[in-house]
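First the structure, in the form of structure tokens, and then the observations on it.
The values are calculated or read from the model by the stated rules, or taken from the named source; none is laboratory data. Because the structure is a prediction, the values reported are computed rather than measured. For neighbour counting, all protein chains shown are included, and Cβ atoms are generated from backbone atoms with ideal geometry for every residue, glycine included.
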Amino acid sequence: MIAARALDLPSRTGSGYPAPHDAPCQLRSRRRLGDAFGLTQFGVNLLELPPGTWSSQRHWHEQQEELIYVLEGEVTLVTDEGETVLTPGMTAGFRAGSGNGHHLVNRSASPVRVLEVGTRTDKEVAHYPDIAMMFRQDGAEGAYYTADGRKLT
């Protein structure tokens, strides 16, 4: 495929988080734009958040970097520094290993669309400081753990 209309690509709705951490993210949907073209070095997603929905649990990555760009709607970025309202045309970036947990929350009455770009690595650890959880990935395998290392199912 050389080109595609982003909204024509398949979307995945929901969350892979273990319960009860999945609840605020159940209505989020992502279209994996980069996967449609076989990109392997970085990922690109079109994230859609209905009102009241979170992009993720607040987290940070040891190896992977992320950048977001707001396309449509108003969304609240929550970081260690506090909350920042983002509107169309605004962008934010998160360096690997920063320790600054972040996520997006749609507190508005309208849907939000955000472009997400991030590096891909074979090995990764993501930390979720608010819920004492981590995600470890080694190659194709990945799983959630408590902060003290017990595997979650």
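Some observations on this one:
- The residue that is surrounded by the most Cβ atoms within 10 Å (Cβ to Cβ), among those in the stretch 92-112 that are in contact with an Asp or Glu (Cβ under 6 Å, 6 or more places away or on another chain) and hydrophobic (A, V, I, L, M, F, W, C), is F94.
- Counting only residues that are in contact with a helix residue (DSSP H, G or I) (Cβ under 7 Å, 6 or more places away or on another chain) and among the hydrophobic types (A, V, I, L, M, F, W, C), the stretch 30-47 holds 4 of them.
- For the stretch 115-126, the criterion of a residue being out of contact with any helix residue (DSSP H, G or I) (no Cβ under 9 Å at 6 or more places or on another chain), farther than 26 Å from A6 by Cβ and surrounded by 14 or more Cβ atoms within 10 Å (Cβ to Cβ) is satisfied by at least one position.
- Hits in the stretch 67-91 - residues which are over 14 Å from P24 (Cβ atoms) and touching a Ser or Thr at 6+ places or on another chain (Cβ under 8 Å): L67, I68, Y69, V70, G73, E74, L77, E83, T84, V85, L86
- Against the criterion of being surrounded by 12 or more Cβ atoms within 10 Å (Cβ to Cβ) and not in a strand (DSSP E or B), L39 qualifies.
- Where G93 falls short, out of the listed (1) part of a loop (DSSP other than H, G, I, E, B); (2) without any contact (Cβ under 8 Å) to a residue 40 or more places away in the chain: (1)
Per-residue answers, yes or no, for (1) part of a loop (DSSP other than H, G, I, E, B); (2) at pLDDT below 95; (3) more than 21 Å from P129 (Cβ to Cβ):
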residue: P24; (1), (2), (3): no, no, no
residue: G34; (1), (2), (3): no, no, yes
residue: V44; (1), (2), (3): no, no, yes
residue: Q64; (1), (2), (3): yes, no, no
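- If only residues of the stretch 42-55 that are of a type outside the set (F, W, Y) and surrounded by fewer than 18 Cβ atoms within 10 Å (Cβ to Cβ) are counted, the one that is nearest to A3 (Cα to Cα) is P50.
- Applying a threshold of 9 Å to beta carbon distances and a minimum spacing of six or more residues, or different chains, the list of pairs starting in the stretch 120-136 at a residue that is more than 18 Å from V78 (Cα to Cα) and ending at one that is of a type in the set (S, T, N, Q) and surrounded by 19 or more Cβ atoms within 10 Å (Cβ to Cβ) reads R120/Q64; T121/Q64; E124/Q64.
- Sole exception among (1) within 13 Å of the chain's Cα centre (by Cα); (2) under 16 Å from V114 (Cβ atoms); (3) in contact (Cβ under 8 Å) with a residue 24 or more places away in the chain for Q64, by number: (2)
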